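Visitor: The following block contains the structure, expressed as structure tokens.
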């Protein structure tokens, strides 16, 4: 729900390479309040948005397009809509049953029993919000509908927030105080992070070219899904402009065992074809988080059956970290570009332009977890 701009101050020069002191300034740019606003809407409005998003995705071909990329995250996408349908059909069934029982067994006219049935169904439907504290279905539906509205230019509040994020990136770049500006987006925040960086580059072409190095780190991305929507040409153009920039680096980290994201899928894949590798000067370089190999066996077993917890593992400590280690990346002395320079993109995704030139040499072998 949040992504970070992390601007690094240069290490103290008197320390050796192994004893560097790195000062990292964290600026947390949140958009969870916008989702909460949608969650605060009346239940009928939330359910109407859910059904509109669901049947709209079926009608415009988005779901078949997503299935062509990967079927597991599509199940995660449809899961909340399934629960919403269960909520609705349960309430409707209860309404019909109460009306029928009261009129048939008690002999009361349906004119009186129908309102009783509707009231009972309405009370039961509102109890769905209590159940949702464990299923997160309504929360996810609100999030998905917001992303869909964004692709259709119907989310001005998100657009305004992205512009604010972009302004912060430009401000940090113009300050000329930092060695590196690292933009991090987790889950749906990856889309906003990429768009914000694209707008920052549009406003200030010197971002990443003069002053601080600039890196984009997306974790457990959902960008692949948005690329499949027939609308959202502007967002797709923004993602591609980041990938084509020669002045920054884009690292995308995911895992096949994270069923909530598009694990090891190309973030720039779309039904009409992906961005050519020769134009991927910044990336994205797709890297596996390899949960099974980078976590202790007992730690991995503890989150095996919890999809939501596993989706946040990128932000937790790894007992056996490889190139990807969130805390070493965000608080260590090595820049994002330097850390992943010799790591090759996963074989499931297209190579970057630098890899075609032979710059990257080491394969990201942990591809199955």
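The values are calculated or read from the model by the stated rules, or taken from the named source; none is laboratory data. This structure is a prediction, so every number in the text was calculated from the model and none was measured. Quick reminder, even Gly has a Cβ in these numbers, built from the backbone with ideal geometry, and neighbours come from all protein chains shown.
Visitor: Say whether the condition of being in the same structural domain as residue 133 (by TED's automatic domain parsing), closer than 30 Å to residue 164 by Cβ, surrounded by 13 or more Cβ atoms within 10 Å (Cβ to Cβ) and modelled with pLDDT of 80 or more is met by at least one residue in the stretch 93-100.
Guide: Initial filter on the stretch 93-100 (in the same structural domain as residue 133 (by TED's automatic domain parsing)): 93-100.
Checking the rest, the ones that are also closer than 30 Å to residue 164 by Cβ come to none.
No.
Visitor: Still on this structure, please answer the following. Give 132, 153 a once-over and let me know the one that is within 31 Å of the chain's Cα centre (by Cα), within 19 Å of residue 42 (Cα to Cα) and either crowded, with 19+ Cβ neighbours inside 10 Å or in contact (Cβ under 8 Å) with a residue 24 or more places away in the chain (or both).
Guide: Values: 153 fails: within 19 Å of residue 42 (Cα to Cα).
Only one candidate qualifies: 132.
Visitor: Pick from 106, 29: which is in contact with a helix residue (DSSP H, G or I) (Cβ under 9 Å, 6 or more places away or on another chain) and at pLDDT 80 or above?
Guide: Numbers: 106 fails: at pLDDT 80 or above.
Selected residue: 29, the only one of 106, 29 that is in contact with a helix residue (DSSP H, G or I) (Cβ under 9 Å, 6 or more places away or on another chain) and at pLDDT 80 or above.
So that you can scan it fast, the table gives a plain yes or no per residue for (1) touching a residue at least 12 places away in the same chain (Cβ under 8 Å); (2) closer than 26 Å to residue 24 by Cβ; (3) outside the structural domain of residue 181 (by TED's automatic domain parsing):
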{"residue": "241", "(1), (2), (3)": "yes, no, no"}
{"residue": "249", "(1), (2), (3)": "yes, yes, no"}
{"residue": "252", "(1), (2), (3)": "yes, yes, no"}
{"residue": "255", "(1), (2), (3)": "yes, yes, no"}
{"residue": "272", "(1), (2), (3)": "no, no, no"}
{"residue": "275", "(1), (2), (3)": "yes, no, no"}
{"residue": "305", "(1), (2), (3)": "no, no, no"}
{"residue": "317", "(1), (2), (3)": "no, yes, no"}
{"residue": "322", "(1), (2), (3)": "yes, yes, no"}
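Visitor: Report yes if some residue within the stretch 85-95 is part of a helix (DSSP H, G or I), under 22 Å from the mean Cα position of the chain (by Cα) and touching a residue at least 40 places away in the same chain (Cβ under 8 Å); otherwise report no. Break it down stepwise before answering.
Guide: Step one: of the stretch 85-95, the residues part of a helix (DSSP H, G or I) are 85-95.
From what's left, under 22 Å from the mean Cα position of the chain (by Cα): none.
No: zero hits.
Visitor: Looking at the stretch 225-234, which of its residues are surrounded by fewer than 23 Cβ atoms within 10 Å (Cβ to Cβ) and either in contact with a strand residue (DSSP E or B) (Cβ under 9 Å, 6 or more places away or on another chain) or assigned to a helix (DSSP H, G or I) (or both)? Talk me through it step by step, then tell me what you get.
Guide: First, pick out the residues of the stretch 225-234 that are surrounded by fewer than 23 Cβ atoms within 10 Å (Cβ to Cβ): 230-234.
Once the filter is applied, which keeps residues that are surrounded by fewer than 23 Cβ atoms within 10 Å (Cβ to Cβ) and either in contact with a strand residue (DSSP E or B) (Cβ under 9 Å, 6 or more places away or on another chain) or assigned to a helix (DSSP H, G or I) (or both), the stretch 225-234 yields 233, 234.
Visitor: Mind checking whether some residue in the stretch 304-326 is at pLDDT below 90 and surrounded by 18 or more Cβ atoms within 10 Å (Cβ to Cβ)?
Guide: No: the stretch 304-326 contains no residue that is at pLDDT below 90 and surrounded by 18 or more Cβ atoms within 10 Å (Cβ to Cβ).
Visitor: Another question about this same structure. State all residues of the stretch 182-205 that are touching a helix residue (DSSP H, G or I) at 6+ places or on another chain (Cβ under 7 Å) and either assigned to a loop (DSSP other than H, G, I, E, B) or outside the structural domain of residue 232 (by TED's automatic domain parsing) (or both); if no residue qualifies, say none.
Guide: 187, 188, 204, listed by residue number.
Visitor: Also: Is it true that some residue in the stretch 41-64 is at pLDDT 85 or above, closer than 30 Å to residue 271 by Cα and in contact with a helix residue (DSSP H, G or I) (Cβ under 6 Å, 6 or more places away or on another chain)?
Guide: yes
Visitor: Among 125, 119, which is surrounded by 14 or more Cβ atoms within 10 Å (Cβ to Cβ), out of contact with any strand residue (DSSP E or B) (no Cβ under 9 Å at 6 or more places or on another chain), assigned to a helix (DSSP H, G or I) and not assigned by TED's automatic domain parsing to the domain that holds residue 307?
Guide: Numbers: 119 fails: surrounded by 14 or more Cβ atoms within 10 Å (Cβ to Cβ).
Result of the check over 125, 119: 125.
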